[in-house]
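Structure first, commentary second.
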Amino acid sequence: MYIYYKRSRYLYFITVFIFTLLTLKLIYICTFEKDAFEKAIAVQSTKTVSIETKRKNIYDRNMIPLTNLDKKTVYLTSDLKHGKKISSVKITMPQRYPSYPLVTHMVGYSSYDSVGLSGIEKKFDSYLKTNDNYVLNCRVDGVGRLWEKERKSVSFPKEEIGGIKLTIDSHIQSAVQKVMEKHIKSGAAIVLDVETFDIVASVSLPDFDRENIEKYLESENSELLNKCLSGFNAGSVFKTVTAICAIENSSREIYYPYNCTGSFKTPDGKEFLCHKKEGHGVLDFKNAFASSCNCYFYNLGLSLGADKICETAKKLMFGENVLGFSDEEAKGNIPDFETFTYGDSANVSIGQGEIMVTPIQCAVLMGTIASGGIMKKVNVADSEVDVFGNEISSLRNEGEIQVISRDCAKIISDMMRLCVTDGTGKTIGNSNFSIAGKTGSAETGWKNSDGTFKVHGWFAGFFPYESPKYAMVIFSDDGKSGAGSCVLPFWEICEKINEFYPIKQ
């Protein structure tokens, strides 16, 4: 009996000793090897989930970001798949496009898998796409489901990345956009820096939400269409081209007065009407331009011929791509006339018939006149930059050419100034700025649902007249008249720009 008792004591002490060693070892592990074991456990219980492909930023000329500004929420189910809000983890991550859209159409949009589909996003896709993803590392259980205690909101840290710097100025862009939204339901506005021909603002209405593209695919309101780069009937803004053609070709007609009776008959007997039914009376070249007299320009057009007018238009970049935005930018239409009728010449002279132009082309024309006849390459993208705004590579198109004489540009400038002080744009003639411009009302031949004919409104010009800083074009889709729909927005935008960048006159 004693022997069994003695053995039991030995066994007891051995057991206690072993458990003591195990306890000490456990204490040692918890104290000194805790981190190593936690890392090993984390590796075995961590799952990596790729949420979305990263895309580089798009900045304005002042390095103000136009993308990746806002945050969005993504939900994952407990098995880490995209799901509903119920029983899921909420992830806060960068949203590509801001809730208040700015430069929507020109910047464009990309797909979920980071492929540029329109605008800057498409044209400079190779500069903006990356091979990196927004990655979430999650703690999971043995069957791959998210740990219950991990089901909380997770935010990605803000990342500073480089990208593309545009010529757009956010301050001017915002001002132009607010004025356009106030006055025009459907239309476009372009503002060029006369010195550089940089696009500092580009607005197309109606706007759209780039985070919900699918809702516009079947829309009849053409929200996805960039009207700044689309072709429209030109109307009387094209009289500027006819006037340039007459001056450059030393047409005798511009030196003689003309009596407008309200209608004009071509030698083959066709009648064309003036917008002023009772006629303008006797007008000289400058006053006919300022008053936008159709009959004067019918007569002038017949003396020049449709071919010469169209030749001048092509020299001024009409019928050509300005920015080279592949299939998004229309060339408009400038006919090639081998033979033409009197009616062709009459229609072309006032921008009707087959003539189609884009707002960006009209802005180039205004910039060319304002710069003394020198046409420069237009830019909307300036450079590829790092996160600090340092240039990595230039994206600019450089080059300039004297397309019309300086004397011609001065005469046209004076006529455009007269249009604002005494002609069809005189509603802003007494503004704080000396504006020069040309109105236009373009008949389309299309009828609206109410039976009325669709007539586009235009106002194209530059300011200040004495020392031009900005060239601008306002287009109103079915605005009825340029004087009625576009002149006031033009003036208001001038005022807004002056608030940010005071203009010396």
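The values are calculated or read from the model by the stated rules, or taken from the named source; none is laboratory data. From a predicted model like this one, the values you see are computed outputs, not experimental measurements. Note: ideal-geometry Cβ built from the backbone for every residue, glycine included; neighbour counts use all protein chains shown. Note: accessible area is taken over every heavy atom of the protein model, side chains too, but ligands, DNA and RNA are not part of it. Shrake-Rupley method; radii C 1.70, N 1.55, O 1.52, S 1.80 Å.
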Under the helix-only model (-39500 (n - 2.57) for each DSSP H run of 4 or more, divided by the residues of the chain), the mean residue ellipticity at 222 nm, to 500 deg cm²/dmol, is -9500 deg cm²/dmol
For the chain, longest principal axis from Cα atoms; helix 306-315 axis from its Cα atoms; angle between them, nearest 10 degrees, is 40
The extension gain from Glu181 to Arg406, computed as 0.36 nm times the residue separation minus the Cα-Cα distance, is 77.3 nm
Computed over the chain: longest principal axis from alpha-carbon atoms vs helix 239-248 long axis, angle to nearest 10 degrees, is 60
Full extension between Glu466 and Asp422 adds, at 0.36 nm per residue less the Cα distance, a length in nm of 14.1 nm
Once both label points are put 7 Å beyond Cα along the C-beta direction, the Tyr112-Asp284 separation in nm becomes 6.8
The answer for the net charge of residues other than Gly262 whose Cβ lies under 11 angstrom from its Cβ, with Lys and Arg +1 and Asp and Glu -1, is 0
Quick tally, 1.4 Å probe accessible area for Asp113, Asp336, Asp344, sorted with the most first, runs Asp336, Asp113, Asp344
Taking N as the number of residues in segment 387-505, the ratio of its alpha carbon radius of gyration to 2.2 N^0.38 Å works out to 1.31
Calc'd 3J(HN,Hα), segment 404-410, phi into Karplus 6.51 cos²θ - 1.76 cosθ + 1.60 (θ = phi - 60°), Hz, glycine/Pro = x, comes to 9, 5, 4, 5, 4, 4, 5
Ordering 167-174, 444-451 by per-residue average of other C-beta atoms within 10 angstrom, highest first, gives 167-174, 444-451
Residue separation between Glu211 and Thr73 times 0.36 nm, minus their alpha-carbon distance, gives in nm 48.4 nm
Rounded to the angstrom and largest first, Cα extents along the principal axes for segment 192-342 equal 58, 33, 32
For the chain, percent of DSSP beta bridges that are antiparallel (nearest 5) comes out at 90
The percentage of the accessible area of the chain (probe 1.4 Å, all protein chains present) made up of carbon and sulfur atoms, to the nearest whole number, is 52
In whole angstrom, largest first, the equivalent ellipsoid semi-axes that the Cα gyration tensor gives for segment 451-505 are 27, 10, 7
For 465-475, 257-267, 204-214, 118-128, ranked highest to lowest by mean beta-carbon neighbours within 10 Å, the order is 465-475, 118-128, 204-214, 257-267
Rounded to the nearest 10, the angle in degrees between the Cα long axis of helix 487-500 and the longest principal axis of the Cα atoms of the chain comes to 50
Spelling it out for Lys454: with amide H atoms placed in the peptide plane at 1.01 Å from N, the residues 5 or more places away or on another chain with amide H under 5 Å from its amide H are Thr444, Gly445, Trp446, Lys447, Asn448
Over segment 349-505, with neighbouring protein chains present, the accessible area per residue in Å² at probe 1.4 Å is 41
Karplus-derived 3J(HN,Hα) from phi for segment 198-203 (6.51 cos²θ - 1.76 cosθ + 1.60, θ = phi - 60°), whole Hz, x at Gly and Pro, runs 6, 7, 9, 7, 8, 10
Simple SL model, points at 7 angstrom along Cα→Cβ for Glu195 and Met93; separation in nm is 4.3
A correct Karplus calculation of ³J(HN,Hα) over segment 101-111, with 6.51 cos²θ - 1.76 cosθ + 1.60, θ = phi - 60°, whole Hz and x for Gly and Pro, returns x, 9, 6, 3, 6, 6, 5, x, 8, 10, 7
Per residue, the convex hull enclosing the Cα atoms of the chain spans a volume in Å³ of 184
Pseudo-spin-label distance Leu22 to Met63, built 7 Å along Cα→Cβ, given in nm, is 6.3
Given backbone amide H placed at 1.01 Å from N, residues whose amide H is under 5 Å from that of Ile392, ignoring those fewer than 5 places away on the same chain, are Glu384, Val385, Asp386
Scoring only Lys, Arg, Asp and Glu (+1, +1, -1, -1) among other residues with Cβ under 15 Å from the Cβ of Ile428 yields +1
Residues meeting the amide H criterion for Tyr59 (H placed from the backbone, H to H distance under 5 Å, 5 or more places apart or on another chain) are Leu66, Ile164, Lys165, Leu166
At q = 0.14, 0.16, 0.18 Å⁻¹, the log10 of I(q)/I(0) for segment 184-237 from a Debye sum over equal Cα scatterers comes to -0.48, -0.60, -0.72
